[in-house]
Amino acid sequence: MKILKNFLYNSAYQLLVLFLPFITMPYISRVLGPEGVGINSYTYSIVIFFTLFGSLGLSIYGSREIAFVQNDVEKRSAIFWNVFFLKGLTVLVAWLIFFVFLPVVEHHFYMYYYGQSILFLATILDVSWYFSGMEQFKTIVVRNTFLKIVTVILVFLFVRKSSDLLLYIILINTGTLVANASMVLSLKHQIIRPNLSKILSKQFLIPLLPAVALFLPNIAANVYLLLNKVMIGRLDSVTAAGFYQQSDSIIKIIVAVITSLGTVLMPRVANLYAENQNEKIKNYVHRSMNFSLAISIPMMVGIFLTSTYFVPWFFGEGYDSVITLIQLESITLVLIAVSNVLGIQFLVPTKRTRDFTLSITVGAVINIILNPLFIIKFGALGAMVATVIAELIVVLVQIFILRKVFDFSQLFAGTWKYCLCAVMMAVGILLVNYNFIFNNNWVVILIDVIVGVSLYLLSNILFKTAIVKEFSIIIHKNIGNH
């Protein structure tokens, strides 16, 4: 039951982080225009690249190590302060390198880069990894909700024209900074004060090696997400980068829900691994894969079929190119769902970091090779094709690595039922779209969602899928407890 609660809290947090900007997106896309959105996406991607290198995988390492010693306040405090100070130092170095090399490698958008650089300080103060390791997702959600909502209100109040792009960047990034700082304040009763002489001893740099091992797949995973926007901006235009960003933002909201269970299960599996409970770990992986596929498959179909109506209604005029991008990127929902279960939920917490790194790195290399070739010929659409191929390669490599650990015929046994249910859902949506004429796109979207969700749920009940059985067990247990 704790896992379910944590999943719901983490899903709420991920949706909060992504959904509030989602609320501002239709407004911002109209106010700033495709070029303004593209400049924000392009400059943000480059700054995030530096923060990723600065973090060196220390957040993932810290979350995993905290999970191992959840009930020992002295050990978890020592781990926290060590990781916190070390991460602060490495991010500061990355920040310095950013300002030194920016005038050399980049001659455009200086003021926007300075606005985006607030993210360096926000990264230093981000301690969500501690609460993730402690499986305290409620703390993260409650602390951030108010501040995120305030940020959205400020955007609507003060960003009124295309020349307000810099103000928009500052407001969004300052909101992230304040939200992260608020999480630091909630640590007061969680950990004991740091012993600086002990922390700054020879043991200070010990986390670097395992953190870098986790950093490699982390940076590789982000290469073909961030590098795409940078290369589109360089090889095509910042406007095309903006189109890619709009598509990616929509898909990432869905991905946040699908991968939330992975964030919740990672510390739980790490704890079970420390106790050598391998059978329980496999059971969690099977249940998580079942859930992830049950959610990702219909979402992929739904996004693909409704994007034609959604994009012009949501973004306004001038964003028609986003339709094809969203339809193509929707394929990654299922691929990311699978790789998240195999990678984040199994390989990382069971300390098979080398295998995880290999799978992500192979996908990143494929993406880097294909990107310039595809972008030059097809623009943003080419980058999206490269992304889908890269995600597929990651999944295939992970399946190959784990072929002797899991029986994949059993792991994917119920997938055909979810696919069949999604087909029935698709038929219903297509009948609505082709047989009824509505003046407003939002009416079509609303009816599509109602029809699609209803048909998918009814189909799952009809075919008695594993997800239905899973929820039936949870409901019966709760009724029995009361």
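The values are calculated or read from the model by the stated rules, or taken from the named source; none is laboratory data. Just so it is clear, the model here is predicted, and its values are computed rather than measured. Using ideal geometry, Cβ is built from the backbone for each residue, glycine included, and neighbour counts are taken over all protein chains shown. Note: areas computed on protein heavy atoms with side chains; ligands, DNA, RNA excluded. Shrake-Rupley method; radii C 1.70, N 1.55, O 1.52, S 1.80 Å.
Some values worked out for this structure:
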item	result
Candidates 54, 62, 36, 88 - the one that is at pLDDT 85 or above, over 22 Å from residue 248 (Cα atoms), open to solvent by less than 40 Å² (accessible area, probe 1.4 Å) and not aromatic (Phe, Trp, Tyr)	88
Residue that is nearest to residue 345 (Cα to Cα) [pool: residues in segment 296-323 that are surrounded by fewer than 19 Cβ atoms within 10 Å (Cβ to Cβ) and of a type outside the set (Asp, Glu)]	304
Scope segment 444-469; condition open to solvent by less than 50 Å² (accessible area, probe 1.4 Å) and either at pLDDT below 75 or not in a helix (DSSP H, G or I) (or both); matching residues	465
From the options 171, 154, 125, 147, residue that is modelled with pLDDT of 80 or more and under 30 Å from residue 65 (Cβ atoms)	125
Scan of segment 70-83 for residues that are within 20 Å of residue 349 (Cα to Cα) and surrounded by fewer than 18 Cβ atoms within 10 Å (Cβ to Cβ), ordered by number	70, 71, 72, 75
Residues located in segment 406-430, provided they are modelled with pLDDT under 90 and either aliphatic (A, V, I, L, M) or within 13 Å of residue 309 (Cβ to Cβ) (or both)	411, 413
Cross-chain or 6+ apart pairs with Cβ under 9 Å, segment 170-186 first and free of Cβ contacts under 8 Å to residues at least 60 places away in the same chain and open to solvent by less than 30 Å² (accessible area, probe 1.4 Å), then of a type in the set (Gly, Ala, Ser) and not in a loop (DSSP other than H, G, I, E, B)	173/115; 173/122; 179/122; 180/122; 180/128; 183/128
Residue selected from segment 324-333 under the condition open to solvent by 30 Å² or more (accessible area, probe 1.4 Å) and aliphatic (A, V, I, L, M), by the criterion farthest from residue 359 (Cα to Cα)	328
Close pairs (9 angstrom Cβ cut-off, 6 or more residues apart or separate chains): more than 9 Å from residue 334 (Cβ to Cβ) and assigned to a helix (DSSP H, G or I) in segment 287-301, open to solvent by 10 Å² or more (accessible area, probe 1.4 Å) and among the acidic types (Asp, Glu) anywhere	287/470; 290/470; 291/470; 294/470
Exclusive hit being closer than 30 Å to residue 276 by Cβ and either in contact (Cβ under 8 Å) with a residue 40 or more places away in the chain or open to solvent by less than 50 Å² (accessible area, probe 1.4 Å) (or both), set 357, 387, 415	357
Options 435, 441: the member that is open to solvent by 30 Å² or more (accessible area, probe 1.4 Å), touching a residue at least 40 places away in the same chain (Cβ under 8 Å), over 16 Å from residue 342 (Cα atoms) and among the polar types (S, T, N, Q)	441
Hey, residue 130 farther than 27 Å from residue 99 by Cβ, aromatic (Phe, Trp, Tyr) and open to solvent by less than 30 Å² (accessible area, probe 1.4 Å) or not	yes
Test for residue 424: is it in contact (Cβ under 8 Å) with a residue 40 or more places away in the chain and part of a helix (DSSP H, G or I)	no
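Let's see how each residue does on (1) more than 18 Å from the chain's Cα centre (by Cα); (2) over 30 Å from residue 65 (Cα atoms):
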| site | (1), (2) |
| --- | --- |
| 308 | yes, yes |
| 312 | yes, yes |
| 322 | yes, yes |
| 329 | no, yes |
| 334 | no, no |
| 340 | no, no |
